Amino acid sequence: HVSWLDTSPPAVQDWLEKAFGLPGAEYARTIVWYPKKNVWSQYVGTFSPPDLSKWIVLASRGKATVQPLASEEGKTPQLPTKAEDPSCQGAVVFKEGDGSADADVLAFKDEVVADKFKESMKKKGKKKGTSSSSSSSTGSNSPPFMSSKRLPRPRSKAGKSFDLNAEIFEDNVLKTPSYWLVWFKGGGEDASEAQEAAWNKAARQLKGMVQFGSVNASEKDAIMNQFVLPLPAEGDESASVMLFPSRRAIDGEGEEADKKKAQAASWITDLALEEKAIVDYSLSLLRDSPSEPIYRLDASQGRTLETWFQGGNGPVTARLMLFPSKDLEEPPLLLKALEIEFGQLLQFGLAKKSDAQMSQQFQIQKTPSIIIVAPQGVPKEGEQLQLGIIPYQGHMSFNAIAIHIESMIRPAPASPPGGNRGDRTPKDEL
């Protein structure tokens, strides 16, 4: 069976975490679930029909790398019903019998099989070889459109400052794992041209590793009140820049974490609105950021890819490896920023330039280079785990790499203003 599930209701997010250990996320995820064996596997790869179809075929033949359910009982918890939780009313699925979208539970029933699907398609007038652009896209059986107010990443190696308002503030600042510096422009005086220039130049220099946003005076009160943001302390009323910490520094998931991120926001009282001061402060956030350890690959110390996959979250989680142009004492800020942004999806590792054997193993022709390594099927008894390698061939900058990672796990956010980008990739512009 193939099911579509709206995971936006909090009750469904809780179910997803209890059943599979998957945290809430703003992107689509594809898993295969074997209910009789109580195991499951998550797809990691390019979000395209050919690659996804190939994986589904392998999974249907029992060749996907699986892991046990996260629930303590080893069984899948019961999905919440609309009657039990009103927040689930937006999760539309098929109902047994008439093909309507007014189901009592949030998953396809076992009885919804191919013949019933054919019957529902006949009712909508869809015939083989013809299109039904009006009925198939808007019919009652279509899953609800999962809208997002996330702003698209710049298709440039430079960062940018986003104009924020109350409507998009939550989706972009509170629901993302990134650090955000938000400049609340004062109500008494307009920001000077020098301050505007310094802020925008600093945002460009940080290249997306720290997110920048600005709020006009007319929007300030609405944002402060709606999200219950802290007021400046007495004597610090002149502070205008607020820091929103990364999600790494916050416990909890979903709406709870969103609220905690708002509560943890703080005014930066001693930050001059000058380019160098803003850049230095932003870089210090990355240097001192709490994050998961980045694995240091070193064959001479026995820290190989094999030992890495045997530890950590096990062999199921994909790994991103950076091959630098020289041996580094500390992971570069680029890698730390990527770990902050995607640490819930990938594990991150840093190789050594001097480790020629490892470079040869992964056919690294130039440095710096990035590859993503993901398991490909269950190894047979006595055989090694088979790994698939996805090389990254774009520009070595945060925005470009982030777009590449997101393209593997979900469609990218809404296109930037200016119409359809067609088939232009980050590499085209970077």
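The values are calculated or read from the model by the stated rules, or taken from the named source; none is laboratory data. The structure presented is a predicted model; accordingly, all values stated were derived computationally and were not measured. Positions of Cβ are generated from backbone atoms using ideal geometry, with glycine treated the same way; all protein chains shown enter the neighbour counts. Calculation scope for accessible area: heavy atoms of the full protein, side chains included, ligands and nucleic acids excluded. Shrake-Rupley method; radii C 1.70, N 1.55, O 1.52, S 1.80 Å.
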> Just checking, how many residues over the stretch 230-259 are in contact with a Gly (Cβ under 8 Å, 6 or more places away or on another chain) and at pLDDT 90 or above?
Replying inline: 1
> Among the residues of the stretch 224-241, which ones are more than 10 Å from ALA262 (Cβ to Cβ) and β-branched (Val, Ile, Thr)?
Replying inline: VAL241
> Within the set of pairs 6+ apart or on separate chains, which have a first residue in the stretch 45-69 that is closer than 12 Å to THR30 by Cα and part of a loop (DSSP other than H, G, I, E, B), a second that is modelled with pLDDT under 80 and open to solvent by 60 Å² or more (accessible area, probe 1.4 Å), and C-beta atoms under 7 Å apart?
Replying inline: GLY45/ASP51; PHE47/PRO411
> Restricting attention to the stretch 280-307, and to residues there that are in contact (Cβ under 8 Å) with a residue 40 or more places away in the chain and within 12 Å of LEU333 (Cβ to Cβ), which single residue is most open to solvent (accessible area, probe 1.4 Å)?
Replying inline: ARG287
> Of all residues in the stretch 336-360 being open to solvent by less than 20 Å² (accessible area, probe 1.4 Å) and touching a Ser or Thr at 6+ places or on another chain (Cβ under 6 Å), which is nearest to VAL373 (Cα to Cα)?
Replying inline: GLU339
> Residues in the stretch 326-347 that are within 15 Å of the chain's Cα centre (by Cα) and of a type outside the set (Val, Ile, Thr): how many?
Replying inline: 10
>> Going residue by residue through the stretch 27-34, is there one that turns out to be open to solvent by less than 50 Å² (accessible area, probe 1.4 Å), part of a loop (DSSP other than H, G, I, E, B), of a type in the set (A, V, I, L, M, F, W, C) and at pLDDT 75 or above?
In response: no
> Which members of the stretch 201-231 meet the condition of being out of contact with any helix residue (DSSP H, G or I) (no Cβ under 9 Å at 6 or more places or on another chain) and open to solvent by less than 30 Å² (accessible area, probe 1.4 Å)?
Replying inline: MET224
> Quick one: is SER48 over 20 Å from the mean Cα position of the chain (by Cα) and either at pLDDT 50 or above or surrounded by 15 or more Cβ atoms within 10 Å (Cβ to Cβ) (or both)?
Replying inline: no
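Can you find, within the stretch 251-279, the residue that is least open to solvent (accessible area, probe 1.4 Å) among those that are in a loop (DSSP other than H, G, I, E, B), of a type outside the set (Val, Ile, Thr) and in contact (Cβ under 8 Å) with a residue 12 or more places away in the chain? Before the answer, list the steps.
The initial filter retains those residues of the stretch 251-279 that are in a loop (DSSP other than H, G, I, E, B), namely 251-253, 265, 268-274.
Subset that is of a type outside the set (Val, Ile, Thr): 251-253, 265, 270-274.
Add one more test, that the residue is in contact (Cβ under 8 Å) with a residue 12 or more places away in the chain, and what stays is 253, 265, 271, 273-274.
Working: GLU253: 66, ALA265: 8, LEU271: 31, LEU273: 31, GLU274: 114 Å².
Selected residue: ALA265.
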> In the list ALA166, ALA198, ALA158, ALA194, which residue meets the criterion of being exposed (fewer than 12 other Cβ atoms within 10 Å of the Cβ) and modelled with pLDDT of 50 or more?
Replying inline: ALA194
> SER325 is checked against (1) part of a loop (DSSP other than H, G, I, E, B); (2) under 24 Å from GLN42 (Cα atoms) and fails just one. What number does that condition carry?
Replying inline: (2)
